Every structure is written in structure tokens, then in C-alpha cells.
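Student: Here it is, the structure, as C-alpha cells.
The values are calculated or read from the model by the stated rules, or taken from the named source; none is laboratory data. Just so you know, these numbers come straight off a predicted model, no measurement behind them. Cβ placement follows ideal geometry from the backbone for every residue including glycine, while neighbour counts extend to all protein chains displayed. All accessible areas refer to the heavy atoms of the entire protein, side chains included, with ligands and DNA or RNA removed. Shrake-Rupley method; radii C 1.70, N 1.55, O 1.52, S 1.80 Å.
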Amino acid sequence: MSQRLRSLLMLLPLCLGGCVVFERPPAPLACDARLEGRWLPIANSAEEAAKLTQDDYAVVDARCHATVSMSQIGGNPASKAEIEVPGFELGGEHYFALSEGDVARLFARGLAADAPQEKKLPPAAVTLVRYRIEGDVLTMATVDSDTVKKLSDERGLKATALDQFNYLIPGDEAALREVLLAHPGLFAKSGSPPMKMRRAAGTPAP
């Protein structure tokens, strides 16, 4: 995995091996004011820490417009993506929703761009990121595609395979809310540490 992709994974927890999208946002989207600020990735190992630079960060404004900056290999200029991170709260959990366009911008020159999905996504489809903010630490997780495949094979979850690795969970808003409430384990990745960021020093919480 290249340094750029490793840094990207630490900045926003989008999946490389497989992604899961929802047909539409399960609830009306709004901006969570707690996300406003400058966030720095927290390394899970000394090796990861050694690869991070001052160009690895995310800045979220009061309207949930985010600038994600990723350092490049060989001293090249940092790669930056402009995305929107509106979200919703359900059952005590918080989620932000990334549109297909925002995901494409994050992976503009990444691995995911080299593996287009065989089926076109619905226009309102979103990738959900479950997050928690505790003190100055933001912890994030995406839906685990292996868990979706297992539940789908066992007929415990309705999911449409887009290709070998990617899945679409269909339904109206009410049905998708039921999916989130009934399957909290969708966001658990076995053997993978949680992805975290820390609010930059001198950046007070809103």
C-alpha cells in the first residue's frame, strides 16, 4: 500500500478491500457542530507515525465542508480533497454520510479509482461513517463488507452485490434506519484497530 493510501485511510476511514453503500441517507442530514475544527490522524503504530507529516490533516468548517489533506511520496505537493460531511443521529449513535461524488474525490488517484463497480449506484447513495467524539478524539468506522456478505448469505440482511467486493443496502429511510438499529455490529472490523483523529492543539471545540 502506498504512503498516500495509508495516510488517506487514517484521515477518513473509507475502505479499499470493499465498500458498502446505502441506497439513500436513512434520515434527514444536518451538520454536527462538534465536527468543526482541525483534526490530525492518530497513528496505530510507530511505523504509521513515522510516515505522517504536517500535510496529513482534515479541516471541517461550521457548515460541515471538509478539506482533507494527504501527504505524498517523494516530497510532492500534498493532495487535497474538498468534501461535505453532513450527518444524523440515530439510537444514540452519530453518522456522517459521504456521497458517491465525495468518495470519488477522496480516491481521485487512489486504488479505488482503478476498480470501477460493475453496477451504477442510485443517485442518492451514500457511504456511512459512524463516529464518536470523546474529549478531543474522533473515532470513526465504516460498514464492514465481510460482515455484510456473511449476513446477506445467511439471509439476515438484504444487500445487493455490486461486484465481488462492494455491496448496496437498499430500502427507504425507515427500512435503512431499521438496518442500523438491528445490526450495530455492521461497523465492527475484526482484528482492525479503530481509526482515530485528535483535535489539533489550540483548536477549541465548538
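Student: Would you please name the residue that is modelled with the lowest pLDDT, looking only at residues in the stretch 68-84 that are assigned to a strand (DSSP E or B) and surrounded by fewer than 16 Cβ atoms within 10 Å (Cβ to Cβ)?
Tutor: LYS80
Student: Of these, GLU134, GLU173, GLU154, which one is at pLDDT 95 or above and out of contact with any Pro (no Cβ under 9 Å at 6 or more places or on another chain)?
Tutor: Exactly one residue qualifies, and that residue is GLU134.
Student: Can you tell me which residues in the stretch 6-40 are outside any loop (DSSP other than H, G, I, E, B) and modelled with pLDDT under 85?
Tutor: Listed by number, the residues that qualify are ARG6, SER7, LEU8, LEU9, MET10, LEU11.
Student: List pairs: first in the stretch 33-44 and crowded, with 20+ Cβ neighbours inside 10 Å, second assigned to a helix (DSSP H, G or I) and modelled with pLDDT under 95, Cβ under 7 Å, 6+ apart or cross-chain?
Tutor: These pairs meet every condition: PRO41/MET10; PRO41/LEU11.
Student: Determine whether the stretch 41-52 contains at least one residue that is at pLDDT 90 or above, in a strand (DSSP E or B) and at positive phi.
Tutor: no
Student: So, restricting to strands (runs of 3 or more DSSP E) that lie completely within the stretch 128-206, which ones have at least 3 residues that are among the basic types (Lys, Arg)?
Tutor: Result: 195-199.
Student: Please specify each residue of the stretch 145-158 satisfying the condition of being open to solvent by less than 20 Å² (accessible area, probe 1.4 Å) and either touching a residue at least 60 places away in the same chain (Cβ under 8 Å) or among the β-branched types (Val, Ile, Thr) (or both).
Tutor: Within the stretch 145-158, SER145, VAL148 meet the criteria.
Student: Would the stretch 85-93 turn up any residue that is over 20 Å from VAL143 (Cβ atoms) and at pLDDT 85 or above?
Tutor: no
Student: Restricting attention to the stretch 171-181, does a residue exist that is of a type outside the set (Ser, Thr, Tyr), in contact (Cβ under 8 Å) with a residue 60 or more places away in the chain and under 30 Å from LEU40 (Cβ atoms)?
Tutor: Yes, the stretch 171-181 has at least one match.
Student: Still on this structure, I have one more. When the stretch 49-67 is examined, which residues are found to be exposed (fewer than 15 other Cβ atoms within 10 Å of the Cβ) and in contact with a helix residue (DSSP H, G or I) (Cβ under 8 Å, 6 or more places away or on another chain)?
Tutor: Across the stretch 49-67, the qualifying residue is only ALA62.
Student: Here is a follow-up. Counting only residues that are in a strand (DSSP E or B) and in contact with a helix residue (DSSP H, G or I) (Cβ under 9 Å, 6 or more places away or on another chain), which one in the stretch 85-107 is most open to solvent (accessible area, probe 1.4 Å)?
Tutor: Once the filter is applied, the top-ranked residue is HIS94.
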